[in-house]
Amino acid sequence: MVALSVAVQPGEPGPAVPRNFLGLSFEVAALAQLASYWSHGNLVTFLRSLGVGALRFGGVTADEQIAWRDERTPRPSWALGVLEGGSLQELGSLAAESGWRVLLTLGLGHYDPEAAAREAAVAKAALGESLEAIEIGNEPNSYGAHGLRPLPWTFVQYDEQISAYREAIEALAPGIPLAGPDSSGSSAYQSWGWAEAVDQHPALLTGHHYPLGCKEQPAPSIPRLLSPRIRALEEGSLHTYLFIAQQAGVPFRMDESNTVSCGGVPGISDTFASALWAVAYVTRAMSMGAAGINLEGNPNNCVGYTPLCAPTPEAAAAGELQAQPEWYALLLVKALIGERPLPVSMRAPPRANVVVRAFAAADGALHFVVVDDEPPGSRTAAVALDVGAAFHGASILSLTAPSPQALSGVRLGGRSVAPDGIWSQPAKLPRAANRHGVITVDVRPSSAALLTVEPRAGS
């Protein structure tokens, strides 16, 4: 056993985790397919199982592949596909059926403010209050590097262009909130995020984060993904995003994130390791005060990063999606919605690869999230929670799989998600007793757990 001691520290809890904190992000190219599932398949059931969330549609296809088409807007020669009003109507039905809201990216890569305004007007009519906000361009800070704008390309030019977009949109569809700048990383956000907040006054600041790059050296690997160094870099990145947002007085949402850029890497992004990473990263974003996070996915690629996907073309046609490992991470952390993060201290052996976060519920209960990223064969972590005598023992909801490399066999509370998208928590979970104010829970390597500690009556 490896002994770890955890205690909640004095201090004011952080802000409550927003109701729509959890989200999914997809390419605009997948919008029509996913929107059609409002009437068939299991996507609505999946979304409802997480409560209320945010669907974001953006990605490189918003700028480089998919164009808006209507009676006044023919398909341009550069477009590989089109988005039309019928799909936005179906997206409105999906939002209504699921209770989720939508962040929609309008293409800026091929400059056309009038077409964007017509798209925004149709989106507003189709989605109504379910339209959370629009984004103008995907990772616009990278347009120069991607050949979408001549160099030099700076926020000054971008600012002029989205101002023109906003003027055209306001004329046809007034009152749609803006989200942005949707930057490709926190380094660009340091200038673009602040400038966006000052010049454009968005309702929401947004950015992207991938802990590993598909082309970087050393090459992406599971040990690197789950390493303390990567977590430290992630914390620094989140701090940059949130510091600027807090100084500007605008909430920040990580509207696109996942394990490895470029669609993910098989053997990393589709494994149980991605679920362990997601639990630690999502709860870090919660504890630091982010407004939400959207995990990027592809409904037609089960070997890349994605919480949900269709394993075959036939399943895709029927709308029969399956839960990937990251979906189980979202199911675990949904219990923290509405709760307030607490500062904790942890005494642990040097280089112990264990993450612990704490949250307080409105009814006085405590939640502890423990992620043990040690490899299989390591010693089990004996986590001692110093909660005092005012609490009962802890119930234990474990997230497990055969190994970090596992592609299947993921279980939450010993149960898998059913083919219809439903996961049911067991009526009775394992418990650990409170002995003299300390609850000790054994968490095995390469697993995670949600520990629920209820207050005693009258406490």
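For region 156-167: of the residues being in contact (Cβ under 8 Å) with a residue 12 or more places away in the chain and surrounded by fewer than 19 Cβ atoms within 10 Å (Cβ to Cβ), which is nearest to L212 (Cα to Cα)? Going through the qualifying residues, I end up with D159. Residues in region 218-232 include none that are among the charged types (D, E, K, R) and under 20 Å from V198 (Cα atoms). Comparison of V383, V354, V387 shows that the only residue that is within 30 Å of V265 (Cβ to Cβ) and buried (at least 19 other Cβ atoms within 10 Å of the Cβ) is V354. Is it fair to say L34 is crowded, with 16+ Cβ neighbours inside 10 Å, in contact with a Gly (Cβ under 7 Å, 6 or more places away or on another chain) and touching a residue at least 24 places away in the same chain (Cβ under 8 Å)? No; evaluated as a whole, the condition is false for this residue.
Going by what's in this entry, would T206 be described as touching a residue at least 60 places away in the same chain (Cβ under 8 Å) and either assigned to a helix (DSSP H, G or I) or touching a Lys or Arg at 6+ places or on another chain (Cβ under 9 Å) (or both)? I'd like the intermediate steps shown before the answer.
On the way: touching a residue at least 60 places away in the same chain (Cβ under 8 Å): yes; either assigned to a helix (DSSP H, G or I) or touching a Lys or Arg at 6+ places or on another chain (Cβ under 9 Å) (or both): yes.
Criteria met by T206.
Filtered by the rule that a residue be surrounded by fewer than 16 Cβ atoms within 10 Å (Cβ to Cβ) and over 18 Å from E132 (Cα atoms), region 171-198 gives A171, S187, Q190, S191, V198. Within region 1-51, the set of residues being of a type outside the set (S, T, N, Q), part of a loop (DSSP other than H, G, I, E, B) and at pLDDT below 95 comprises M1, P10, G11, E12.
Just name the residue that is farthest from L91 (Cα to Cα) out of those in region 123-152 that are among the acidic types (D, E) and in a strand (DSSP E or B).
This residue is E135.
Highlighted here are the helices (runs of 4 or more DSSP H) found entirely within region 262-373 that include at least 1 residues which are β-branched (V, I, T): 272-288, 325-333.
The residue that is surrounded by the fewest Cβ atoms within 10 Å (Cβ to Cβ), among those in region 40-94 that are over 21 Å from the mean Cα position of the chain (by Cα) and among the aliphatic types (A, V, I, L, M), is L80.
The values are calculated or read from the model by the stated rules, or taken from the named source; none is laboratory data. What you are looking at is a predicted structure, and each value in this text was computed from that prediction instead of being measured. Glycine gets a Cβ as well: all are built from the backbone with ideal geometry, and neighbour counts include every protein chain shown.
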